[in-house]
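Report on the following structure.
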Amino acid sequence: MLVRRGTSPSVTVVQVPDRRSRLVRERQPPGAGPGKLPGVIRSHVVTGGGQGIGRAVAERLLADGDAVVVLDRDEAALGWTAAHPAGRRVIALAGNAADEAVTGRAAGLAQEAGPLAGWVNNAAVFRDAWLDAVPAAEVTGLITASPALAVAGCAAAVRAFLAAGSGGAIVNVSSHQAQRPVRGALP
């Protein structure tokens, strides 16, 4: 699991104590406040931000000049962040968005960049599973997987907002499956 900030060649690798992710952190630029990126008014976390809708949301927030922690399970999907013109304002974190240690780390990275203003729970788990072909416990796990992602994200966001003494926005993205069943698709 990897965290990347921008494209600067001045990076060092630090092992995070929980050993669930690796942090690659750039040196602070001259004149930057402790833990804040210059010119950043607010920050956000977007889970499932490596591709698709999550990436589009992250790109939109970056276009506004905000800092964005892009959290995705697939480290390769975060490759687009390395050469992004937003530079240090885009922070890539590879990890499981259902893991509270990972979402806590995402919130911390966002707060380091600027005040956390929003959290977008876009990550989801999709897999076809048939009750006549898959053990019931596996089906139950698939049904609970996506809500677990959103709950962990909401918990991290609320804790960060309360710790900072500020409010913020939480957006939970769902699919068409929240509106109607799709044969064979879970959750």
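The values are calculated or read from the model by the stated rules, or taken from the named source; none is laboratory data. Predicted model only: the values in this text are computed from it and were never measured. When we count neighbours, we look across all protein chains shown, and the Cβ atoms used for this are built from the backbone with ideal geometry, even at glycine.
Here are a few things to note about the model shown:
- Val90 vs. criteria buried (at least 18 other Cβ atoms within 10 Å of the Cβ), at pLDDT 95 or above, more than 23 Å from Val151 (Cβ to Cβ) and over 9 Å from the mean Cα position of the chain (by Cα): yes
- Pairing residues of region 149-168 that are crowded, with 20+ Cβ neighbours inside 10 Å with residues that are at pLDDT 95 or above and β-branched (Val, Ile, Thr), at Cβ distances under 7 Å and at least 6 apart in sequence or on separate chains, gives Leu149/Thr47; Ala152/Thr103; Gly153/Thr47; Gly153/Thr103; Ala156/Thr103; Ala157/Ile170.
- Ala145 being among the hydrophobic types (A, V, I, L, M, F, W, C), surrounded by fewer than 20 Cβ atoms within 10 Å (Cβ to Cβ) and either closer than 25 Å to Leu37 by Cα or in contact with a Leu (Cβ under 7 Å, 6 or more places away or on another chain) (or both): no
- Qualifying residue in region 92-100 (condition: closer than 15 Å to Arg159 by Cβ and out of contact with any strand residue (DSSP E or B) (no Cβ under 8 Å at 6 or more places or on another chain)): yes
- Residue pairs whose Cβ atoms lie under 8 Å apart, separated by 6 or more positions or on different chains, with the first residue in region 49-65 and at positive phi and assigned to a loop (DSSP other than H, G, I, E, B) and the second loosely packed, with under 15 Cβ neighbours inside 10 Å and of a type in the set (Gly, Ala, Ser), are Gly65/Gly39.
- Here Ala110 meets each of (1) touching a His at 6+ places or on another chain (Cβ under 8 Å); (2) modelled with pLDDT of 95 or more; (3) over 21 Å from Arg42 (Cα atoms) with one exception, condition (3).
- Test: residue in region 69-80 that is of a type in the set (Lys, Arg), in a loop (DSSP other than H, G, I, E, B) and either in contact with a Lys or Arg (Cβ under 6 Å, 6 or more places away or on another chain) or touching a residue at least 12 places away in the same chain (Cβ under 8 Å) (or both): yes
- Condition met for Ala123 (of a type in the set (Gly, Ala, Ser) and out of contact with any helix residue (DSSP H, G or I) (no Cβ under 9 Å at 6 or more places or on another chain)): no
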